[in-house]
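One structure below.
Each reported figure results from applying straightforward, stated rules to the coordinates on display, with no laboratory input. Please read all numbers here as calculations on a predicted model, not as lab measurements. Every residue, glycine among them, receives a Cβ derived from its backbone with ideal geometry; neighbour counts consider all protein chains shown.
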Amino acid sequence: MYPLDPDPTSAAPPPPRPWLKRHRALVAILGTVAVLLVAAAVTIRYGPQLVARQVVATYLDGLNIDTRGVETLRLRPLRGELSFGPVTFRGADAQHGQVGQIGVKIDVTRLLHRQALVEAIVIEGVRFEVRQAADGSFSLNGIPLNQILAEQTKTGGTQPPAPEVAPVTPPRPTTPRDLQEQLGWGAGLDRLEIRDSRVVFIDARGGEAVMHVNQLELAEFRTWAPEKPGRYRLDAALNEIGLVASGVAKPFADKIEIEAQAAITGIEMAKIERFLGPLGFTSRAGTIDLTVQTASIGVFTAGRIDGRLAATGSLTGVDLAHPLFGSGQLATGTLRLDNVAGSYDVSRQTTLQGDLGIDLQASALRFENGTEVGFSQASFGLPGTMVRTVPGQQPEVNVAPQLEVADVRLAGPEVRGSIGRASARLSGFSIAGTDPGAPFLATGALAVERINLLLPQAEPVSVIAERVNVDLAETRLAFPPGRGARVQGGLALDTRKLLVSIQPSATGGRRAPAPARIEASRLNFHIPMLGYDDDPTADGLTVRASDPLLFVEELRLGGPEVQGSIGNAAFRLSSFAMTGAEAGAPLVATGSVVVDRVDLRLPGVEPVALDWRACGRSWRRRAWRWRRAQRGWPAASPWTSGTCWCRSRSRRGAAGQHHHPPASRRRRLAFRCRR
């Protein structure tokens, strides 16, 4: 008989394990904790970003903003990470705005040390459009910004106006270091980077400004290390005008400092008009580039600001024309700013000093009245410039301007001709004193070469000279309040190979007479000290001069009134004084006249010739005094009369016939002089 198999259903269950029975409560607790930990991890991992997405979506829906991409918002608090994008938005029927990507990374371990350190902020692919309405309101891609601001302040209520209080001295500005000491927290930014972002601004007139940021980077800015400079770099374009800058900065130090190197390239009038609107130019060619080699600015806690700048600029192919001022062309030009330093303090005192200059090549200007000015090269400089301004006082100025111009061409209704070279150099120009009306002090020289000018008036005047020099010696110019001009100083004028020609106009249907010509190999005028004072409260106009000298060498005269030559003529006054500007006012002068080798003919009066070479080769009058509008001339006459004695020899006869009277004799000559 075979044994029967046991019935599996009737088998008894195994007895429970002893350790599980003993620790059943502990297992239940551990299981519960594990479930809670998983739930907490899931909540921490996904809860904040789900809540944030819901809050953002609800808020934007409440503003009627069409938004796409809110679900890309990711928030990881334990890792200190926030990111979202791409996101698009718009209001009404406007063009979509876009944020390609924004990422934020915070070092959460620094929070334990009461330091909020942002390790990185990356913004990329931003596309914003800001518009200004006719009423001055702004919108962002169709979203009214005033609506957003109103939503922000809706629950704030109306604040009562602040009571009026007496003005007090403003306290010292609070620095980030002060905030760190007050709050006990520091803030830092390791890296902020904006890439490939564009912001368009359109004003109420339709002007458009497009800022495209290729890259903006800020790095290593920390409030707990204020003396360690942070770095920045910018590569952008504004209306296709290139902007590149880089440098270091200390924004959290007691003395805020910024240093930079920068370049602005491709400045064109058409790009400027893109924002400002049409400015009326009929021609707008040309490019301007600016380069900043070094620039620095420092802001002190007491409110003082110091700055330094060294920069250059270039102009290329400039061709501008406007109906209001004419046209101008410039082949090339260079602007120089060397060692320029400036300062401003709380008393509003401003100081500027440095070297400035500009060089221009091949330029031509045409003004609306038809006047044309052209030159092949021009250079203007202000070395050693110093300007200081104080509120309520006249500016303190000390400059030494220098101007060089070559191959000047002039044309127009008032003057025509050319100047080979002109230079003006003031070794010193300053303002003596800071009170209103303080005098100007000027010392320098003006030199002009190869002059050939024509003044096309009713009687055209032609001026030709090889060289003209003008020297100023400590000349003081003042314009006191309530008075006329005051001039005091020395003046010297020296001209070589001067020719002045005047063409009289034709009268009575006759042919125009021959031009009157005045030619001198040298003309020199020198006043060591001149005093000019126009004081209406005293004696009126007063002019005094010390030892003025007029010297003419090899003077030749030609024309219908007088013909001939004078070898040398010197007119020297030991003193000169004039008081008053009305007719009959006294004019007193003491001096001498020396004339050598005189040979003159007066064909218009009677064939008369004067030859004084046999009379000691000189004509002298030691002293004379006269009063204007006397000796027979009307009171309103602009002439002055007088008498002098000389010894002379004359020839009188018909044209072509001359005979000599016997020995020299004493003659009485009358003369009259223009005022």
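Descriptive notes on the structure:
- Straight-distance candidates among the aspartates and glutamates for linking to Lys255, with alpha-carbon spacing under 19 Å and chain neighbours fewer than 8 residues away dropped: Asp178, Glu181, Glu220, Glu227, Asp306, Asp345.
- For the range 194-300, the relative contact order is 22 percent, taking Cα pairs closer than 8 Å that sit 6 or more residues apart in sequence and dividing their mean separation by the residue count.
- Among residues other than Ala514 with Cβ under 15 Å from its Cβ, the summed charge is +2 (Lys and Arg +1, Asp and Glu -1).
- Here is the size of the range 355-462 from its Cα atoms: Rg then Dmax, 17.8, 52 Å.
- Shape box of the range 312-368 [Cα atoms, principal axes, largest first, Å]: 44, 24, 12
- Gain on full stretching of the segment that runs from Asp471 to Ala92 - 0.36 nm per residue minus C-alpha separation: 129.1 nm
- Viscosity 1.306 mPa s, 10 °C: Kirkwood-radius Stokes-Einstein D of the range 284-386 over Cα pairs, µm²/s: 100
- Under 14 Å from the Cα of Lys271 - aspartates and glutamates, other chains or at least 8 residues apart: Glu208, Glu240, Asp289
- Net charge of neighbours whose Cβ lies under 12 Å from the Cβ of Ser197, counting Lys and Arg as +1 and Asp and Glu as -1: -1
- Scaled to the globular estimate 2.2 N^0.38 Å, the Cα spread of the range 336-410, given as radius of gyration, is 1.51.
- Modelled FRET efficiency - R0 22 Å, Phe138 with Val55, Cβ distances, 0.05 increments: 0.30
- When the range 208-250 is reduced to its Cα atoms, the Kirkwood hydrodynamic radius in Å: 11.6
- The three principal axes of the Cα atoms in the range 65-149 give end-to-end lengths of 51, 25, 18 Å, sorted in falling order.
- Two-site FRET efficiency, Ser379 against Val122, from Cβ-Cβ distance with R₀ of 51 Å, rounded to 0.05: 0.55
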